Structures are given as C-alpha cells and as structure tokens.
Amino acid sequence: MPLVPKAIKNLRPYSPGKPIAEVQRELGLERVVKLASNENPWGPSPRAIEAVSGELSGLHRYPDMLARDLRSALAARFDVKVENVVVGSGSEGIMANIMRTFLCDEDEILTAENTFVGFMVLANGSGRKITLVPRRADYRYDLESMSREINEYTKIIYLANPDNPTGTIFTREEFDAFMKLVPSRCLVIYDEAYIEFAADDARFPDSMSYRYDNVITLRTFSKAYGLAGLRIGYGFAHEDLIANLMKVKLPFEPSVLAQIAGRAALEDHDFLDHTLKGTLAGRELLTAGLRDAGFEVVPGSTNFLAVKTSGPEASAEICQNLLERGVIVRPLTPFGFPELFRVTIGTEEENAFFIEALKEAQGRELSAGG
Ligand SMILES: Cc1ncc(COP(=O)(O)O)c(C=O)c1O
C-alpha cells in the first residue's frame, strides 16, 4: 500500500498570483498594483472591520459550531429556513465538505474544461473519474454537451456562474434546459462566487429563484464584501443535504471572526453598493481601454476580464511587459487558456495605472516590431 494515494501524489497544487512585495523586490519597483486575484480593491467592508475589532477580546472562546447568528441572518435575507443554510471557511471550504460528504466509491464528477481551478484541485484530489466538457468557441460553458455526458455514475456536476477564469455566464434558458436533463440523484454544485457582479444581467439565472432539491448554491463574502482573507462563504440547499454537510464540516469552522464579519458585512449595503458601482464602471473603462489597445475582451459579468491575445507568446509577453511596469495580471496558461490573460477590475487609480502601463507596453511592442 503506498503511503500517499495516487490522486494526491499526482495532484498539482493551486498556484496563487505573485505577491506585491515579491514583485517590488525582484523588479525594484516602487508602485506595484495587483490585479491578479479578483479581490475587492476597496478593502474589507467597514462594518465588518468594526464588528471584528469589537470581538477580539473574546477570541479565547470557540466559535458557535452551528453559526446560528450568521445562518439566521442569511436565511432571513434570502427567504429560506435556517436549515437550508450552510456556512464554511470560504465557499471553497464548503466545496471541500461537499466532496467529502457525498462522493461514494464509484461516483464520477462532471464539469466544464478549464473551469475554477480551486474546484479542479478538489476534484483531482478526490481520485474520482472526472469528465471535462469542452467549451463553446465563445468560452462559455456548453451545457447541452455537458448534459449528454451524464452517465449512471455521475454524482457531482460543478457549474460556476459566472465562471472563473473566463468571466462568462450561461443563461437562464440554458440552465433550465440543462436541469431538465439532470437526474435527481446527481448533485449540482452551483458556484455563484461572483453573483453580485452579474445580478444586473437579465439573462443571469440567479439560482435562488429555482429551488431544485439537488442543487447546492455556493456564495462568498470574499469578493463583493471584501473578506477574502477571513475565509467565510455560505451556501443554500435542501435541508437533508445541509444536515449531512453539517455533520462533516469541521466542528469549529468558520472562525469566530469570520462569522462576525460575515454577519456585519451582510448589512453593509453602502459598501456593497460602492463596490458594485465601482466594479461596473471599471469594467466598462477597462474593456474600452483594452479594445483601444487592440485586444479582444471576452464578454464577462464579474470583477475581472479575460483578455484575448494573438497566442501564447503574445499573452506571456504582455503579462511580462505589464509586470515590468508594476501591474500584476494573471496569465491563463496554467488554467488551460494560453492565449488569454486575466485582469481584475481595480480602483479608479489602479485602472488608470493599468491602462497607462498597457499603452506603454503596446508602444514598446509596436516600436520593437517596426
Ligand atoms: C468561481 C469561484 N468559486 C469560488 C471561489 C472561492 O471563494 P472563497 O474565497 O469563498 O473560497 C473563487 C475564488 O476565486 C472563485 O473564483
């Protein structure tokens, strides 16, 4: 018997974006802007900061293992019962618990090719057979083809809407048609980490408007609420699914501060509003700037944009050129899209800095080429 199971031995760990300090040190740059990890550029929700600050002296106590306050607040906000709500250490923490709770020996996993890498690490680590369905030419999920890949062993179907790293969405009609073909014994993980940024799109199928008994909706405080560093996510599902998830989760996750912060952030309407307005304005500005610079932008509904270049070398070159000018973006080669790079929408100043760097980088390319 090997010490390390094959699935773990062969597992490629998640590789995060370059930290700002490392780029500053390596390249001797004073100003470095990180637009690589889809974080909230306006910081954490101020209400969450205040709530967390008031709780520090209670940190010798274990958290409420049922996270009653936060789950009740979420239940009230989204008009479901508390028994339909789960919270965890980020939505990825809940995802990990879903895999542990529901996958049996013969079960298989079905999803789109090159979708959210965090899920793929969990899927690969599970050692189960994974079927990856190629995308449409416009980078969107091909739900029709995906439905044809469901077999008697399919247990978990993972859908990220909007998707990371492409930012694309599938529509309500596509989701409706797909769900008609999903047997009730399959569990759909419907990952809505970026839903707040897509909610203005009438085509977007907010999963809370459909309550299928075999769908687990996952959401997070990491993006629109700016709490990525605290690790707090939440999910909604049928009470039987939630009851089983609650058995498997670590008894004391999420932490005291994560629960408190999530509860406060949920009430921080001003911050959410500010984040959404800034993101939508930034998305327009960056889309226009990138198009002016000759790039094709993948239509996206998130707080980031996937940008198309002429190919893998061009993508690597533009990312390197931007890095040398103090802008960290994410080349999508390790994510399976060598022709794309991803840029997170920043603050107004960060976006302006990015556009300047892009112009300079393009200028250098033009003069180098001609
Ligand atoms: C599609 C998607 N789902 C989930 C997550 C993870 O979110 P959390 O921080 O809540 O674990 C991310 C983070 O980048 C994501 O892009």
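Subtracting the Cα-Cα distance of Ala137 and Leu59 from 0.36 nm times their residue separation leaves 23.0 nm of extension gain. Treating each Cα of the stretch 136-205 as one equal point scatterer and applying the Debye formula with no solvent, the log10 of I(q)/I(0) at q = 0.17, 0.23 Å⁻¹ comes out as -0.62, -1.09. With the Cα gyration tensor of the stretch 120-277 giving a ≥ b ≥ c as the square roots of its eigenvalues, does the rule (a/c under 1.5 for rounded; else a/b larger than b/c for prolate; else oblate) give rounded, prolate or oblate? Oblate, since a/c reaches 1.5 and b/c is not below a/b.
With q set to 0.12 Å⁻¹, the log10 of I(q)/I(0) for the chain, from the Debye formula over equal scatterers at the Cα positions, is -0.95. When the charge dipole of the chain is built from unit charges on Cβ atoms (+1 for Lys and Arg, -1 for Asp and Glu) and taken about the Cα centre, the candidate among Ile94, Ser72, Leu358 whose Cα reaches farthest toward its positive end is Ile94.
Taking amide H as placed 1.01 Å from N in the peptide plane, Tyr153 has no amide H partner under 5 Å among residues 5 or more places away or on another chain. How much of the DSSP bridge set in the chain is antiparallel, in percent, rounded to the nearest 5? Of all bridge pairs located within the chain, approximately 50 percent are antiparallel.
Taking packing as the residue-averaged number of other Cβ atoms within 10 angstrom, the listed peptides 99-107, 11-19 run from highest to lowest as 99-107, 11-19. Per-residue ellipticity at 222 nm, computed for the chain from helices alone with -39500 (n - 2.57) per DSSP H run of at least four residues, works out to -12500 deg cm²/dmol. Each residue of the stretch 213-219 was assigned a 3J(HN,Hα) from its phi angle through the Karplus curve 6.51 cos²θ - 1.76 cosθ + 1.60 (θ = phi - 60°); the sequence is 6, 10, 10, 10, 8, 10, 9 Hz, with glycine and proline shown as x. Computed as a quarter of the hull surface, the mean projected area of the alpha carbon convex hull for the stretch 185-303 stands at 9.4 nm².
Ligands, DNA and RNA left out, the 1.4 Å accessible surface of the stretch 38-181 is 50% carbon and sulfur atoms.
Coupling constants for the stretch 151-156 follow from the phi torsions by the Karplus curve (6.51 cos²θ - 1.76 cosθ + 1.60, θ = phi - 60°), and in residue order they are 10, 5, 9, 4, 10, 10 Hz; glycine and proline get x. For the stretch 112-198, the set of trypsin sites (Lys or Arg not before Pro) satisfying both a DSSP loop assignment and a count of at most 13 other C-beta atoms within 10 Å is given as Arg185. What are the residues whose amide H is under 5 Å from the amide H of Val327, where those residues sit 5 or more places off or on another chain and H is modelled from the backbone? Sorted by chain and number, the residues that satisfy this are Val33. What the phi angles of the stretch 201-209 give under the Karplus curve with 6.51, -1.76 and 1.60, with θ = phi - 60°, is a coupling list of 8, 4, 7, 6, x, 3, 5, 6, 7 Hz, glycine and proline written as x.
For the stretch 1-104, the alpha carbon convex hull comes to 240 Å³ per residue, rounded to a whole number.
To the nearest Å, what is the center-to-center distance of the stretch 18-80 and the stretch 119-150, using C-alpha atoms only? Between the Cα centres of the stretch 18-80 and the stretch 119-150 lies a distance of 30 Å.
As a length-normalised measure over Cα pairs under 8 Å and 6 or more apart, the relative contact order of the chain settles at 24 percent.
The values are calculated or read from the model by the stated rules, or taken from the named source; none is laboratory data. Only a predicted model underlies this, so the values are computations on that prediction, with no experimental measurement involved. Here the Cβ is made from the backbone with ideal geometry for all residues, glycine too, and neighbour counts use every protein chain on show. What goes into the accessible areas is simple: the full protein's heavy atoms, side chains included, and nothing from ligands, DNA or RNA. Shrake-Rupley method; radii C 1.70, N 1.55, O 1.52, S 1.80 Å.
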